[in-house]
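Following: one structure in structure tokens, then a few remarks.
The values are calculated or read from the model by the stated rules, or taken from the named source; none is laboratory data. What you see is a predicted model; the values in this text were computed from it and never measured. Please note: Cβ atoms are built from the backbone with ideal geometry, for glycine as well, and neighbour counts cover all protein chains shown. When the accessible area is computed, the model is the full protein with side chains, heavy atoms only, and any ligands, DNA or RNA have been set aside. Shrake-Rupley method; radii C 1.70, N 1.55, O 1.52, S 1.80 Å.
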Amino acid sequence: MAPAGAKKGILERLESGEVVVGDGGFLITLEKRGYVKAGLWTPEVVVEHPDAVGQLHMEFLRAGANVMQTFTFSASEEKLESKWKDVNAAACDLAREVADKGDALVAGGICQTAIYKQDADEARVKRLFRLQVEVFARKNVDFLIAEYFEHAEEAVWAVEVLKESGKPVAATMCIGPEGDKNDVTPGECAVKLVKAGASIVGVNCRFGPGISLKTMKLMKEGLQAAGLKAHLMVQSLGFHTPDCGKGGFVDLPEYPFGLEPRTATRWDIQKYAREAYNLGVRYIGGCCGFEPYHIRAIAEELAPERGFWPPASDKHGIWGSGLNMHTKPWIRARARREYWENLLPASGRPFCPSLSKPDS
């Protein structure tokens, strides 16, 4: 048990049946705001513009997030060379500063490497992971996440390194129902991650809410068939991607600068949250395209289970109830759940196709 006055840890929360709401996307959001350069997507912004990162953390906290994940995606020595250590340390400090303003935990995150795709050198890959984990350990993050892995083998290596820290480990793959790049099925991926030592497994990024939940179902079934137990975690895109191929949204012609027409509505995300919960997932958040209002939608949908509303709901009427004050009667008529649940939003683009053909 946690000492009096201390926050409950991630596993304590999940084992008690609590819903943990993750945070949302940083890369695409901060690129839109002018702080991150598309391409390598490296997070120097935590050093160059810490206020921008802190503000986004704060918005996610107000929206209901229980976890502040360090903005350390692609922050390895491989990608950032001499700047990697300062970036990782600054990212931890920013996440902790905001987490301590609420009942949130700090998660140190690592992701896949380019080295693995070049020669799959286990020792070199693990060395990169260990360097980041050393910073996370020094900064005393609450738990660790291995995220955005296309290959189960590399994800297993990441989990093995993270377990050396003695902290709880979560692991998520950026895969769809077809499995990883080597055709390892989602169920098999989940089994491998749990056997490597992950207590929390799931998927993040690359695919939208519907596809991500299909993959989670396959992961859950794989674990059940193997007689293994783990907490389930999903952090999908905030974009709809029904036309994606195996590689996910990075293969769509709209990636990364024309994705806005695919943005999920807050009502889409409430549906995602409810379906994830009904599937047995208790760690629910988002990745690229997930804005603070999307996280608020998760927190509002699951407020009955959590027992409270997020601070950001003070300015938001559930299911559009705030529209009751509108001067136009046809807009007042939209202040009800049935209207927004059954809405089929238009794209506003008369000659656009409804779906795209992936480039790969």
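For the chain, relative contact order (Cα pairs under 8 Å, six or more residues apart, normalised by length) works out to 17 percent.
For Arg349 and Lys195, the difference between the fully extended length at 0.36 nm per residue and the C-alpha to C-alpha distance is 50.6 nm.
Any chance you could look up the accessible area of Glu44 with a 1.4 Å probe, heavy atoms only, rounded to 10 Å²? My reading of the accessible area for Glu44 is about 40 Å².
For Ala6 and Thr263 in one chain, what is 0.36 nm times their gap in residues minus the Cα-Cα distance, to one decimal in nm?
On the way: separation 257, 0.36 × 257 = 92.52 nm, distance 3.76 nm.
Taking Ala6 through Thr263 to full extension adds about 88.8 nm, to one decimal.
Rounded to two decimals, the Cα radius of gyration of region 7-319 over 2.2 N^0.38 Å is 0.90. The relative contact order of region 66-177, computed from alpha carbon pairs under 8 Å that lie at least 6 residues apart in sequence, is 26 percent.
Placing +1 on the Cβ of each Lys and Arg and -1 on the Cβ of each Asp and Glu in the chain, which of Met233, Trp340, Cys111 has its Cα farthest towards the positive end of the resulting dipole? Toward the positive end, the furthest listed residue is Trp340.
In the context of the full set of protein chains, region 102-258 has a per residue accessible area of 36 Å² (1.4 Å probe).
So the label point goes 7 Å from the Cα of Glu122 along Cα→C-beta, right? Which residues of region 161-175 then have their backbone N under 15 Å from it? What the label zone holds, given the 15 Å backbone N cut-off, is 161-162.
Length gained on full extension, Ser321 to Asp93: 78.3 nm, using 0.36 nm per residue less the C-alpha separation. For region 7-319, the share of accessible area belonging to carbon and sulfur comes to 49 percent (1.4 Å probe, ligands and nucleic acids excluded). Note on the chain: GNM, Cα springs under 10 Å; of Gly245, Gly317, Gly202, the largest mean-square fluctuation is that of Gly317. Report, in listed order, any pair from Lys126/Lys229; Lys8/Lys101; Lys7/Lys192; Lys32/Lys79 with a Cα-Cα distance greater than 19 Å. As for pairs spanning more than 19 Å Cα to Cα, those are Lys126/Lys229; Lys7/Lys192; Lys32/Lys79.
Residues considered: Arg262, Arg130, Arg138. Largest GNM mean-square fluctuation over the chain, using C-alpha springs under 10 Å, is found at Arg138. Here the 3J(HN,Hα) profile of region 215-225, calculated from phi with Karplus coefficients 6.51, -1.76 and 1.60 at θ = phi - 60°, is 5, 4, 4, 5, 5, 4, 5, x, 5, 4, 5 Hz, Gly and Pro shown as x. Taking every protein chain into account, the 1.4 Å probe leaves Arg206 with about 20 Å² of accessible area, to the nearest ten. A Förster radius of 51 Å combined with the Cβ-Cβ distance from Asn182 to Asp314 puts the calculated FRET efficiency at roughly 0.60.
Using the Cα centre as the reference, give the magnitude of the dipole from point charges on the C-beta atoms of region 7-319 (Lys, Arg: +1; Asp, Glu: -1; all else neutral), rounded to the nearest 20 debye. Walk me through the intermediate numbers first.
Numbers: 38 positive and 44 negative charges, 105 e Å.
The calculation lands at about 500 debye.
When its C-alpha radius of gyration is set against 2.2 N^0.38 Å (N residues), region 163-300 gives a value of 1.02.
As a test of the formula, what do you get for the chain when each DSSP H run with n ≥ 4 contributes -39,500 (n - 2.57) and the sum is divided by the residue count, at 222 nm and rounded to the nearest 500 deg cm²/dmol?
On the way: 16 runs with 151 residues, N = 360.
Roughly -12000 deg cm²/dmol at 222 nm, from the helical runs in the chain.
Looking only at region 255-269, which residues have a backbone nitrogen under 19 Å from a spot 7 Å from the Cα of Lys357 in the C-beta direction? Counting only backbone N, you get 255.
Please report the antiparallel percentage of DSSP beta bridges with both residues in the chain, rounded to the nearest 5. Intermediate results must be reported in sequence, preceding the final value.
Values: 2 of 29 bridges.
Approximately 5 percent, going by the DSSP bridge assignments.
Among Ala107, Ala312, Ala120, the largest mean-square fluctuation in a Gaussian network model of the chain, built with springs joining Cα atoms closer than 10 Å, belongs to Ala120.
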